[in-house]
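Let me begin by presenting the structure, written as structure tokens, before commenting on it.
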Amino acid sequence: MSMTKTRAPGLPLDDKACYAALQAHDVRFDGRFFCGVSSTGIYCRPICRVKLPREENCTFFVSAAAAEAAGYRPCLRCRPELAPGLAPVDSVLRLARSAALIMEKDCLTSRKISELAAILGITDRHLRRVFFMEYGVSPVQYLQTQRLLLAKSLLTDTRLTVTDVAMAAGFGSIRRFNDLFKKHYHLTPNELRKKGRSKEQDNDGITLSLGYRPPYAWGSLISFLAARAIPGVESVAGDTYRRTVAVKKGETIHYGWISVANRPTKNALSVTLAPTLLPVLSRVLARIRFLFDVNCSPEKVYEKLATMDDVAPNIRVPGIRAPGCFDPFEMSVRAVLGQQISVKAASTLAMRLVNLIGAKMDTPFEELAFAFPQPDRICALEGRIENHLGPLGITGDRARSILALATALTTNSITLSYSANPREAMEKLRKLPGFGPWTVQYIAMRALGWPDAFPHTDHGVKKALSGRPPQDILTLSQKWSPWRSYATILLWNFLANKLEVQKESCTQ
């Protein structure tokens, strides 16, 4: 195959720098570019450990889709489908990256590209233009690559049938899947499975890997989630996070469970999920990526937050992540319940709500027995909402706030998603009863994935900053923009560690 060497648009480095990173196998560039090798017709991640190709044979691409559009096949050793993505923080590029995130969410199995453009409030033509500027390919080419790479991962890592793989990856036709796979990879799906290293699967679940860009402060993130876990819905056992899942697709709700653990030697999360979630696999994986902030560029965050060490020595932690959420409604309800009470008390109230109106379900884990209720379940409660939630210890004001949010989500007047416009969503949230500055900022951080959210009125933030007035805290925080969500997590962790040290000194 003839490979044309041209300068790819959107590369973060010039060709010399890309080749130097390739030589060093520098993990900080994993997912930032891919290297196509003309002598083999294969493209790799910069961390690939194959023999270093000659510089004149290398062409560098900003995305896997761009490499495949140029005729290259993915490397079977470094597996480009496991490379981490790019965090959607640059406002100039946000449209293209928002479109990519929506595609990754469900492989557009229920939408067309024109509908995607409409969701983003732009024309098809503008979407194609900004998308090509960022990724070097059209949205259709990018989507096709996403489907093929997900299928490749399933073929390599699971024992699912080829038919199940095709359907889970978003292909409506087995014939179409086989034709595209052979065209792009010069192998049939079964031939690739024989070449790959398929693993025997646990009968109770399907296990896949999600790559991330190291370092990764897993301990800090898992501690944060453990403290806020809703009993019956979430649990943390050792270093493993588990939860129940309810994902609605069309008129059907798919129930199941997930278990997520860190594999630091592979720079990847190991994700095991119930087979019942296969019809919504891409959506579940997208939510897990968001919950664990897999697309973060940790070195950027660490560098930008250098001035935080002026607050306290070594307050920064390499690889800090801003936890997202798996279910935006669930997290937002918990935020409402947590207004002006302790973290533990909010978890107790959320548990009572789940026990009352959550969906009972069976899982392999004794501590997981309920799925958090969908917004329409709240809206369907007859009579006054206070009569249902009041006996649980939830105040009337908070009960009405929860109903208002459920109504807004059910009628689509508000969208809580990492692909939504955060400023528009925050403005709409402020108009709901009981949604003050703290609640809106917290939801922006965890449900919208807004990296610059900053709940400056938060008790923990004020305490970590030695009781500074809110306006002074806001002024100080401008130095940390646009990574103030990460700064908030660092402040909370700093306060928690400080209190733990004080507690230990008192017991000695």
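Observations
- In the condition set (1) modelled with pLDDT under 95; (2) open to solvent by less than 30 Å² (accessible area, probe 1.4 Å); (3) of a type outside the set (Lys, Arg); (4) assigned to a helix (DSSP H, G or I), ALA487 is compliant with all but (1).
- Among all positions in segment 290-312, there is at least one residue which is part of a loop (DSSP other than H, G, I, E, B), out of contact with any Pro (no Cβ under 9 Å at 6 or more places or on another chain) and surrounded by fewer than 22 Cβ atoms within 10 Å (Cβ to Cβ).
- From LEU11, LEU22, residue being at pLDDT below 75 and open to solvent by less than 30 Å² (accessible area, probe 1.4 Å): LEU11
- Among residues of segment 359-381, those that are within 17 Å of LEU405 (Cα to Cα) and either open to solvent by less than 40 Å² (accessible area, probe 1.4 Å) or part of a loop (DSSP other than H, G, I, E, B) (or both), counted: 7
- Residues satisfying the criterion are absent from segment 230-241 (criterion: at pLDDT 95 or above, surrounded by fewer than 20 Cβ atoms within 10 Å (Cβ to Cβ) and in a helix (DSSP H, G or I)).
- Taken together, the criteria exclude ILE341 from residues that are surrounded by fewer than 22 Cβ atoms within 10 Å (Cβ to Cβ) and farther than 26 Å from PHE224 by Cβ.
- Selection status of ARG128, of a type in the set (Lys, Arg) and closer than 21 Å to PHE34 by Cβ: no
- Number of the condition not met by ALA69 [criteria: (1) over 28 Å from PRO451 (Cβ atoms); (2) at pLDDT below 85]: (2)
- Whichever residue in segment 451-468 is part of a helix (DSSP H, G or I) and surrounded by fewer than 21 Cβ atoms within 10 Å (Cβ to Cβ) and, among such residues, is nearest to the chain's Cα centre (by Cα): GLY460
- Residue among ARG97, ARG147, ARG79 that alone is under 19 Å from the mean Cα position of the chain (by Cα), crowded, with 20+ Cβ neighbours inside 10 Å and modelled with pLDDT of 85 or more: ARG147
- The condition (being out of contact with any His (no Cβ under 7 Å at 6 or more places or on another chain), outside any helix (DSSP H, G or I) and either open to solvent by less than 30 Å² (accessible area, probe 1.4 Å) or polar (S, T, N, Q) (or both)) is satisfied by just one residue among LEU448, LEU405, LEU429: LEU448.
- Taken over segment 110-141, the residue count meeting the criterion of being more than 25 Å from LEU11 (Cα to Cα), open to solvent by 80 Å² or more (accessible area, probe 1.4 Å) and touching a residue at least 12 places away in the same chain (Cβ under 8 Å) is 1.
- Residue match in segment 139-149 (condition: within 18 Å of VAL62 (Cα to Cα), of a type outside the set (Gly, Ala, Ser) and in a loop (DSSP other than H, G, I, E, B)): no
The values are calculated or read from the model by the stated rules, or taken from the named source; none is laboratory data. Since this is a predicted model, take the numbers as computed values, not measurements. Cβ atoms come from the backbone with ideal geometry, glycine included; neighbour counts cover every protein chain shown. We work out accessible area using only protein heavy atoms, side chains counted, and drop any ligands, DNA or RNA first. Shrake-Rupley method; radii C 1.70, N 1.55, O 1.52, S 1.80 Å.
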